[in-house]
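Novice: What follows is a single structure, and I will ask about it in a moment.
A short reminder: the numbers here are calculations on the coordinates, not readings from a lab. Values in this document were obtained by computation on a predicted structure and should not be read as measured data. Here the Cβ positions follow ideal geometry from the backbone for every residue, glycine too, while neighbour counts run over all protein chains shown.
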Amino acid sequence: MEESGDEQLRTYCMEILRHYDLPEGIIAHSVKVAYIAEFVASRLRASGCPVNISNVVAGALLHDVGKSKVHRRQKAVNHAEASAEIVTQEGLEELAPVVSSHILDAIISENDPPLTWEQKIVFYADKIVTHKLVSLEERFSDLSERRGDIKHLLDAAYKPTKALEADVLGSAGISWGDLESHWARFAEK
Ligand SMILES: [Fe+2]
């Protein structure tokens, strides 16, 4: 049987999302990101990679908690850092690096790129899940149509994100088709 994340921790993460009054759309997105992230993490673990599945699921559930309107930012300059502030305040400091490195800026930065499996999986799952499963090609081309203001960032982040995809999927031994089949099971729920 595939190992799965910790139920108590998952419940606590859902409580945090409610407590910080996240909009339903963001909660639904986060649950879907966690669903895909857990699948990738289980397969990576089965392939012998040292990955903490519970922290992947929890990090995926809380990656966007920093978008909360009720959180007063301290040092955070973006929503990913705000997520790190919140998880730290809520006693889940081990998730701070996972949530802080999930944005596109991180993958082109020298300071906080996703390096651990937990960071890489949450970063990747967030890029391929909106309200549905989308390929990186689709996601980036959709973003470039809508977000001319971040064209420079999208251009710079595409190649390293594709490399991260190859690393994660290759190490987990999964194909895009496997992700689609797994996603179909969520869609059926
Ligand atoms: Fe997200």
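Novice: So Glu94 fits all but one of (1) under 23 Å from Leu164 (Cβ atoms); (2) within 16 Å of the ligand (Cβ to nearest atom); (3) of a type in the set (Asp, Glu); what number is the exception?
Specialist: Of (1) under 23 Å from Leu164 (Cβ atoms); (2) within 16 Å of the ligand (Cβ to nearest atom); (3) of a type in the set (Asp, Glu), only one is false for Glu94: (2).
Novice: Which residue out of Tyr12, Tyr35 is under 14 Å from Leu95 (Cβ atoms), hydroxyl-bearing (Ser, Thr, Tyr) and either within 14 Å of the ligand (Cβ to nearest atom) or in a helix (DSSP H, G or I) (or both)?
Specialist: Result: Tyr12 is the single residue among Tyr12, Tyr35 that is under 14 Å from Leu95 (Cβ atoms), hydroxyl-bearing (Ser, Thr, Tyr) and either within 14 Å of the ligand (Cβ to nearest atom) or in a helix (DSSP H, G or I) (or both).
Novice: A further question follows. What helices (runs of 4 or more DSSP H) completely inside region 81-171 contain at least 2 residues that are in contact (Cβ under 8 Å) with a residue 40 or more places away in the chain and of a type outside the set (Val, Ile, Thr)? If you could, list the steps in order and put the result at the bottom.
Specialist: Details: elements: 96-100, 104-107, 117-128, 136-146.
The qualifying helices (runs of 4 or more DSSP H) are 104-107, 117-128.
Novice: Which residues, counting only those in region 46-67, are farther than 20 Å from Phe186 by Cβ and in a helix (DSSP H, G or I)?
Specialist: First, the residues of region 46-67 that are farther than 20 Å from Phe186 by Cβ: 47-52, 55, 65-67.
Of everything in region 46-67, those that are farther than 20 Å from Phe186 by Cβ and in a helix (DSSP H, G or I) turn out to be Asn55, Val65, Gly66, Lys67.
Novice: From the list Leu92, Leu104, which one is within 13 Å of the chain's Cα centre (by Cα) and not charged (D, E, K, R)? Steps first, answer last, please.
Specialist: Values: Leu92 fails: within 13 Å of the chain's Cα centre (by Cα).
Result of the check over Leu92, Leu104: Leu104.
Novice: Moving on. Output the qualifying pairs, or none if there are none: Cβ atoms under 8 angstrom, residues six or more apart or on different chains, first residue in region 13-36 and more than 10 Å from Val129 (Cβ to Cβ), second residue within 15 Å of the ligand (Cβ to nearest atom) and of a type in the set (Gly, Ala, Ser).
Specialist: Cys13/Ala58; Leu17/Ser30; Tyr20/Ser68; Asp21/Ser68; Leu22/Ser30; Leu22/Ser68
Novice: Right, another one. Which residue out of Lys159, Lys120 is basic (Lys, Arg) and in contact with an Asp or Glu (Cβ under 9 Å, 6 or more places away or on another chain)?
Specialist: Working: Lys159 fails: in contact with an Asp or Glu (Cβ under 9 Å, 6 or more places away or on another chain).
On inspection, the qualifying residue turns out to be Lys120.
Novice: Out of Ala125, Ala184, which single residue is within 16 Å of the ligand (Cβ to nearest atom) and either under 17 Å from the mean Cα position of the chain (by Cα) or closer than 20 Å to Tyr35 by Cβ (or both)?
Specialist: Values: Ala184 fails: within 16 Å of the ligand (Cβ to nearest atom).
Of the residues listed, the single one that is within 16 Å of the ligand (Cβ to nearest atom) and either under 17 Å from the mean Cα position of the chain (by Cα) or closer than 20 Å to Tyr35 by Cβ (or both) is Ala125.
Novice: Among what's in region 55-71 and is of a type outside the set (A, V, I, L, M, F, W, C) and more than 14 Å from the ligand (Cβ to nearest atom), pick the residue that is surrounded by the fewest Cβ atoms within 10 Å (Cβ to Cβ).
Specialist: From region 55-71, those of a type outside the set (A, V, I, L, M, F, W, C) are 55, 59, 63-64, 66-69, 71; that's our starting set.
So of that shortlist, the ones also more than 14 Å from the ligand (Cβ to nearest atom) come out as 55, 69, 71.
Numbers: Asn55: 24, Lys69: 8, His71: 18.
The selected residue is Lys69.
Novice: Shifting gears a bit: Going by the conditions given, is Ile128 buried (at least 20 other Cβ atoms within 10 Å of the Cβ) and either within 22 Å of Glu180 (Cα to Cα) or touching a Lys or Arg at 6+ places or on another chain (Cβ under 9 Å) (or both)? Working first, answer last.
Specialist: On the way: buried (at least 20 other Cβ atoms within 10 Å of the Cβ): yes; either within 22 Å of Glu180 (Cα to Cα) or touching a Lys or Arg at 6+ places or on another chain (Cβ under 9 Å) (or both): yes.
Spelling it out, Ile128 is indeed buried (at least 20 other Cβ atoms within 10 Å of the Cβ) and either within 22 Å of Glu180 (Cα to Cα) or touching a Lys or Arg at 6+ places or on another chain (Cβ under 9 Å) (or both).
Novice: Considering Glu85, Glu110, which residue is away from the ligand (no atom under 16 Å from the Cβ), buried (at least 20 other Cβ atoms within 10 Å of the Cβ), over 21 Å from Gly25 (Cβ atoms) and over 12 Å from the mean Cα position of the chain (by Cα)? First the steps, then the outcome.
Specialist: Details: Glu110 fails: buried (at least 20 other Cβ atoms within 10 Å of the Cβ).
Result: Glu85 is the single residue among Glu85, Glu110 that is away from the ligand (no atom under 16 Å from the Cβ), buried (at least 20 other Cβ atoms within 10 Å of the Cβ), over 21 Å from Gly25 (Cβ atoms) and over 12 Å from the mean Cα position of the chain (by Cα).
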